[in-house]
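Contents: one structure, followed by commentary.
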Amino acid sequence: MDRPNEFWFGAAYYPEHWEPSLWARDAQLMQQAGFNTVRMGEFAWVNFEPQQGRFEFDWLDRAISLLAEHGIQTIIGTPTATIPAWMANNYPEVMALNEHGERRRFSIRKDYCVNHPDFHRLSMRIVEEVARHYGNHPNVIAFQTDNEYGGTGCRCHNCLIEFRKFLQNRHQDIHALNQAWGTHFWGTIYGSFDEIDWTPHAPNPSHALDQARYFSWVEERHNAQQVEFLRALAPDKPVTHNVHNFFGTMDVDFTKVLEPMDFASWDSYPGVETGETYPKDAWANALVWSMKRKNFVVMEQQSGPGGWHSFRPGVAPGEMSMLAWQSIARGADGILFFRWRTSISGQEQYWHGILNHDNVPRRRYYEVKEFGEKIHKVWTHIADTTPVEELGVYFSYDEAWAGRCQPQNAELPVHPRDISIEIFGGACRLGMNVGTFFSPEDLSRFKAVVLPTCQLENSELVAALEEWVSQGGVLVLLPRCGNKNSSHTMLMESLPGRFSNLAGIEVEEYALVPADKDWAISVGNLTLTATRVREAIIAHSASIIGEHRGGYMQSWPAASCNSFGSGKVWYIGTFPNPDGWQQLLQIVCPHLTLDTTIPSGLEVARRKLGNSEIQFLLNHTDQTIPLDEKWHSHDQITGQTLTKLNPFQVAIYQILQ
């Protein structure tokens, strides 16, 4: 089910935190700001069920009705992110065990064992009751499951049993697991699945990868069970989940969480990400878009300084709305700011909302109001458009977990997230139409593709790439491709393993690039800084186009280009930094949209429908940026022809092609 074709604009609202006497004024201020949507309920289990088996929905019914009178609709979050105290008291074994075997104490969210039978029974009951009560409510427009899955990681005995079942289902028999994990090393061979425990310090990487897969699967299963109730009892309401944690442990594969969902949503907290750091959130927005391959909603957009125990950096005037525009430029069809009013109690007293603790509308409120006026003014031009993509950057949660298990370079890990952001850094500086993808089925969306890391064997991806490149695609491969099987053990094959046919080369030698070494590679007339790892290569069908600079690999072959059918495969024997990517992409992707004149801190992004293209210009700096003459055209927001962008200003152009 698709969500309605309207821009959802509003905030996360917690009426249960406030006296009902405040609600009417809240609704009035929201209406004056142009809100049409709020999200409520995701932490309100104890309010819905103050005692086991006694349900109370009147309080939220009143809030929903009051907001509806002011033209504001509601997204309901299933309230399983925090359990009630009565559950912790009546069922103490529901509380999760940490990696040290210590039971967590009640009073913080995500402190429970997802696998515990009592948690499962009671959590599914509250989901069922919420779905039954609000499934046909005319002012409830969607459901969000739980809140930000991940972080539980319980190590209780019940979870260990589930982990062993997961392994048995994955490997079928213990001999196959021993083969997959290579347990002959150090004599750690298992005689049965009952002998397997949680990973120790310095674990077998294969054990660690399967454990990461298991912890994600636990959340995926819990989510799917909630979705079943929502589908049965609220078949006409779209369902989503607010994905997150792209810059942390990345412990949940949100592509699988979102599989049964109608649309993706995510929580964006860039902090003060001005200037050249904005590609990080450009990548994150692109990642969310590619999870469902359609436009998404930002369920929590930063509205003020964050922080639990201390302040994080705040947002400058204009920066908050500019960051919301960035999400829209990258595919968002809705922005809900977090949160309406800053909490006066609890762990998030310093996580500021639109209103401060004093409840007085100030600068952030009026900035949100102005943002709403602008988005409603231009939405008819943006509606139904989707991001333009030409360059695709591959991502895999398995690869992320493998990179976490074995970073390879302790100073600068070989992690697909970090490398992807660096690629986006170079692409964004060139104004390229860059996106991400997870599945080989998505290759047709792109003219060129980069694999930041692809260590784990993926025959389906290799076969799809061979077909895609042969039809004219351009592929860029980087070090360490194809060196492991899907169980995270090394392959007894010359690198780049299964990519050798595509690349037309063989890796002769590889080595660490220490952080204190000023090493580089040449590619044509370019000199690119080498980071993380470098490889010396031997050409077979490929042509050598670059050499190493510095260290014992001085003058050894470092880069190649191979013609493959109608396409090309470039192999770069190191990981360039963002400056290097800006230079390299001009060589490997000259057939794509790129602009070498974009000023520092200016982001250019595009959405398109048919022959109509919407171009976004975003100033991520606190300085005025003069605009090139090619952008001296009619700005949809101001209705003027702009020659410059003020600090954090955004311009939107409609281009008919």
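Is at least one residue of segment 21-31 free of Cβ contacts under 8 Å to residues at least 12 places away in the same chain, under 19 Å from GLY372 (Cβ atoms), open to solvent by 30 Å² or more (accessible area, probe 1.4 Å) and not hydrophobic (A, V, I, L, M, F, W, C)?
Looking only at segment 21-31, we keep the residues that are free of Cβ contacts under 8 Å to residues at least 12 places away in the same chain, and these are 21, 25.
Retained after the next criterion (residues that are under 19 Å from GLY372 (Cβ atoms)): 25.
Restricting the remaining residues to those that are open to solvent by 30 Å² or more (accessible area, probe 1.4 Å) gives 25.
Now drop any that are not not hydrophobic (A, V, I, L, M, F, W, C), which leaves 25.
Yes, that holds for at least one residue.
Looking only at segment 607-631, filter to residues that are over 24 Å from GLY331 (Cα atoms) and among the polar types (S, T, N, Q); which one of those is surrounded by the most Cβ atoms within 10 Å (Cβ to Cβ)?
Across segment 607-631, the extreme among qualifying residues is GLN623.
Which residue out of ALA539, ALA520 is more than 25 Å from SER566 (Cβ to Cβ) and not polar (S, T, N, Q)? Walk me through how you get there before you give the answer.
Numbers: ALA539 fails: more than 25 Å from SER566 (Cβ to Cβ).
The conditions single out ALA520.
For residues that are free of Cβ contacts under 8 Å to residues at least 60 places away in the same chain, open to solvent by 10 Å² or more (accessible area, probe 1.4 Å) and either among the basic types (Lys, Arg) or not in a helix (DSSP H, G or I) (or both), tally how many sit in segment 546-603. Can you show your working first?
Looking only at segment 546-603, we keep the residues that are free of Cβ contacts under 8 Å to residues at least 60 places away in the same chain, and these are 546-561, 563, 590, 597, 599, 602.
So of that shortlist, the ones also open to solvent by 10 Å² or more (accessible area, probe 1.4 Å) come out as 547, 549-552, 554-557, 561, 563, 590, 597, 599.
Keeping just the survivors that are either among the basic types (Lys, Arg) or not in a helix (DSSP H, G or I) (or both) gives 547, 549-550, 554-557, 561, 563, 590, 597, 599.
Qualifying residue count for the region: 12.
For a quick check of your reading of the model, give me the residue pairs whose first member lies in segment 222-233 and is surrounded by 15 or more Cβ atoms within 10 Å (Cβ to Cβ), whose second is assigned to a helix (DSSP H, G or I) and modelled with pLDDT of 95 or more, with beta-carbon atoms closer than 6 Å and at least 6 apart or on different chains.
Between residues of segment 222-233 that are surrounded by 15 or more Cβ atoms within 10 Å (Cβ to Cβ) and residues that are assigned to a helix (DSSP H, G or I) and modelled with pLDDT of 95 or more, the close pairs are ASN223/VAL257; GLN226/VAL127; PHE229/VAL127; PHE229/GLU128; PHE229/ALA131; LEU230/ALA131; LEU233/ALA131; LEU233/ARG132.
Under 6 Å by Cβ, and 6 or more places apart or on different chains, what pairs join a residue from segment 123-144 that is of a type in the set (A, V, I, L, M, F, W, C) with one that is open to solvent by 10 Å² or more (accessible area, probe 1.4 Å)?
Going by the 6 Å Cβ cut-off, the qualifying pairs are VAL127/PHE229; ALA131/PHE229; ALA131/LEU233; ILE141/GLN73; ALA142/LYS237; PHE143/LYS237.
Any residue in segment 81-103 that is among the aliphatic types (A, V, I, L, M) and part of a loop (DSSP other than H, G, I, E, B) sitting within a Cβ distance under 6 Å of a residue that is open to solvent by 30 Å² or more (accessible area, probe 1.4 Å) and modelled with pLDDT of 95 or more? List the pairs, counting only those 6 or more apart or interchain.
Here the result reads ALA81/PHE43, each pair linking segment 81-103 to a residue that is open to solvent by 30 Å² or more (accessible area, probe 1.4 Å) and modelled with pLDDT of 95 or more.
Name every residue in segment 633-657 that is assigned to a loop (DSSP other than H, G, I, E, B) and either closer than 17 Å to GLY601 by Cα or open to solvent by less than 70 Å² (accessible area, probe 1.4 Å) (or both), in order of residue number. Quick ask: steps written out before the conclusion?
So in segment 633-657, the residues assigned to a loop (DSSP other than H, G, I, E, B) come out as 633, 635-640, 642-643, 646-649, 657.
Correct list: SER633, ASP635, GLN636, ILE637, THR638, GLY639, LEU642, THR643, ASN646, PRO647, PHE648, GLN649.
Spot the failing condition for GLY482; the list is (1) among the small types (Gly, Ala, Ser); (2) closer than 28 Å to ILE614 by Cβ; (3) buried (at least 20 other Cβ atoms within 10 Å of the Cβ), and only one is missed.
Every listed condition holds for GLY482 apart from (2).
Where in segment 345-458 are there helices (runs of 4 or more DSSP H), lying wholly inside it, with at least 1 residues that are under 22 Å from PHE616 (Cβ atoms)?
Details: elements: 363-382, 397-405, 416-429.
Output list reads 363-382, 416-429.
Give the number of residues within segment 257-306 that are over 29 Å from PRO440 (Cβ atoms), at pLDDT 95 or above and among the acidic types (Asp, Glu).
The total comes to 1.
Of the residues LYS280, LYS294, which single one is in contact with a helix residue (DSSP H, G or I) (Cβ under 8 Å, 6 or more places away or on another chain) and among the basic types (Lys, Arg)?
LYS280
The values are calculated or read from the model by the stated rules, or taken from the named source; none is laboratory data. The model shown is predicted, which means the values in this text are computed figures rather than measured ones. In this analysis, Cβ positions are derived from the backbone assuming ideal geometry, glycine residues included, and neighbour counts consider all displayed protein chains. These accessible areas exclude ligands, DNA and RNA; they are computed on the full protein's heavy atoms, side chains included. Shrake-Rupley method; radii C 1.70, N 1.55, O 1.52, S 1.80 Å.
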